[in-house]
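Report on the following structure.
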Amino acid sequence: MLTRTFTDHTVTPPPRRSRARKALVFGTAGLLAAAGVTTLAGTATAAGTLGAAAAEKGLYFGTAVAANHLGEAAYASTLNTEFNSVTPENEMKWDAVEPSRNSFSYGSADQIVSHAQSRGMKVRGHTLVWHSQLPGWVGGLGAADLRTAMNNHITQVMQHYKGKIHSWDVVNEAFQDGSSGARRSSPFQDKLGNGFIEEAFRTARTADPAAKLCYNDYNTDGVNAKSNAVYNLVKDFKARGVPIDCVGFQSHFNSASPVPSDYRANLQRFADLGVDVQITELDIEGSGTAQATSYTNVVNACLGVSRCTGITVWGVTDKYSWRASGTPLLFDGNYAKKAAYTAVLTALGGSGGGGGGGGGNAACTVTYSRTNDWSDRFNGQVTVTAGSAGITGWTTTVTVTSPQKVSTTWNGTPSWDSSGTVMTMKPNGNGSIAAGASTSFGFTVMKNGNSAAPVIGSCSAS
């Protein structure tokens, strides 16, 4: 990350509003153990992790990840337990994946993507076209060569990760700070002109039609000249049919640039244009109650906008933050949960108390195992077990990774979301289970080139 210049805002906590949202299922981090067995409990108790609590609200809750920290046990454990979406911090930027022209190097980025997929996490792609972290050869190209190189870079990187990225930051930070609302000087702007952003988005849509295409920027969190310029760009794109699906708000805050009072309203005006909004690089310098309150305000703002689809904090732990001296994240340098963590979990409707069912509450757990594996398909089995009291019904979800498809099911009644990747399973004559007893259902997944394990949602009992 680069040093930011922040503008001053007045803080007024945005109101939290209830909303109706179709539940989207995102895999809770850490659910898929190395042995291939997943256990999730569903009780009257609120979710106990950020990812699980966000998923219950129809959101993802992600973090930026550095590949070179994945070997640190505490880092990986916190990542796996708490988050259900990841963004490579630097590993997908141009200098990392195409250091010399037409020579692509995906090793570190692949490591992050593989880690995420093996645990049912989603991945945000960051970033394709940006003025910073460019290898030297890019800036030396003439206009025609630069256009060819830009489109080739977008196409090659997106096709390499096709089907594995839920949202791409196609263009990053293309506008200046300050009151002008002007475009930032960059090789792309200076040599290709204002049309380079549109061209990048059109190329991206062709490269991976299923991925969400985002514009991402900082200091656009409130209504100001810069956010107005981005707003006008998106409005123009939507009016002319230029493909854009989402806008990312980086949301780097500190005492000089706190959460603006019009934060939620600003998110909403972009959503009203017909795009999703995502909080993409959240960190808030500070500590204690003040920091916790600011984090609460951000989460409540997202919850108040129906098209806010997820939140990503820019790092797992303070000690590796690009703003480490400001202690801006949810876990301190020893991976202890801070007051801000508790505030976020609470705002998402979760609870740090955890614990299983009891006292007469209906409860069940689910475990997953792969029972057969062939070159083109595999069979999975989910075992549903009642808690300390008997139950009369249960529901859980099975989420496969596109282009996988479930072809057959047994011992359950399935229904599907519009994507065809999320299966909700209910009983088929096997809903009543005595205390401590079990039933099971099974399914066949056609791999279609992807053998990743499915993500099993928590069990809801009645």
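The table below lists the values:
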{"item": "Inter-site label distance for S132 and S462 at 7 Å from Cα along Cβ, in nm", "result": "5.1 nm"}
{"item": "For the stretch 65-95 and the stretch 412-432, distance of Cα centres in Å", "result": "32 Å"}
{"item": "For the chain, size of Cβ-based charge dipole, Lys and Arg +1, Asp and Glu -1, in debye", "result": "980 debye"}
{"item": "For G457, residues with placed amide H under 5 Å, excluding near neighbours", "result": "T397, V398, T399"}
{"item": "Calculated from backbone phi, Karplus (6.51, -1.76, 1.60) coupling profile of the stretch 434-447 in Hz, x at Gly/Pro", "result": "5, 3, x, 8, 9, 9, 8, 9, x, 7, 10, 10, 7, 5"}
{"item": "Highest to lowest packing among 435-443, 453-461, scored as the average C-beta count within 10 Å", "result": "453-461, 435-443"}
{"item": "Extension gain, Q381 back to K337 (0.36 nm per residue minus Cα-Cα distance, nm)", "result": "12.4 nm"}
{"item": "Heavy-atom surface of the chain, accessible at 1.4 Å and reported per residue (Å²)", "result": "37 Å²"}
{"item": "Residues of the stretch 427-462 with amide N under 13 Å of a point placed 7 Å along Cα→Cβ from R370", "result": "445-455"}
{"item": "Residue pairs, from the table K57/K238; K93/K122; K164/K338; K93/K164, whose Cα atoms sit over 22 Å apart", "result": "K57/K238; K164/K338"}
{"item": "Rounded to whole Hz, the Karplus (6.51, -1.76, 1.60) HN-Hα couplings of the stretch 189-203, x for glycine and proline", "result": "5, 5, 9, 9, x, 4, x, 5, 5, 4, 4, 4, 5, 5, 5"}
{"item": "Modelled FRET efficiency - R0 51 Å, T444 with A143, Cβ distances, 0.05 increments", "result": "0.45"}
{"item": "Cα gyration tensor shape for the stretch 308-427, rounded if a/c is under 1.5, else prolate or oblate", "result": "oblate"}
{"item": "Rounded to whole Hz, the Karplus (6.51, -1.76, 1.60) HN-Hα couplings of the stretch 296-311, x for glycine and proline", "result": "4, 4, 5, 4, 5, 5, 5, 5, x, 10, 5, 9, 7, 9, x, 10"}
{"item": "Crossing angle, helix 225-240 versus the chain [Cα axis fit, 0-90 degrees, rounded to tens]", "result": "70 degrees"}
{"item": "Interchain or long-range residues, amide H under 5 Å from R184's placed H", "result": "F175, Q176"}
{"item": "Length added when fully stretched, S185-S105, from 0.36 nm per residue minus Cα-Cα", "result": "26.1 nm"}
{"item": "Gyration tensor (alpha-carbon) shape descriptor, the stretch 140-179, a/c threshold 1.5", "result": "oblate"}
{"item": "Where trypsin sites (Lys or Arg not before Pro) fall in DSSP loop in the stretch 89-177, at most 15 other Cβ within 10 Å", "result": "R101, K162"}
{"item": "Full-extension gain in nm, D272 to D95, via 0.36 nm per residue minus C-alpha separation", "result": "60.2 nm"}
{"item": "Mean separation of Cα contacts under 8 Å, 6 or more apart, over the residue count of the chain: relative contact order %", "result": "19 percent"}
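The values are calculated or read from the model by the stated rules, or taken from the named source; none is laboratory data. What you are looking at is a predicted structure, and each value in this text was computed from that prediction instead of being measured. Positions of Cβ are generated from backbone atoms using ideal geometry, with glycine treated the same way; all protein chains shown enter the neighbour counts. In case anyone asks, the SASA skips ligands and DNA or RNA and just uses the protein heavy atoms, side chains included. Shrake-Rupley method; radii C 1.70, N 1.55, O 1.52, S 1.80 Å.
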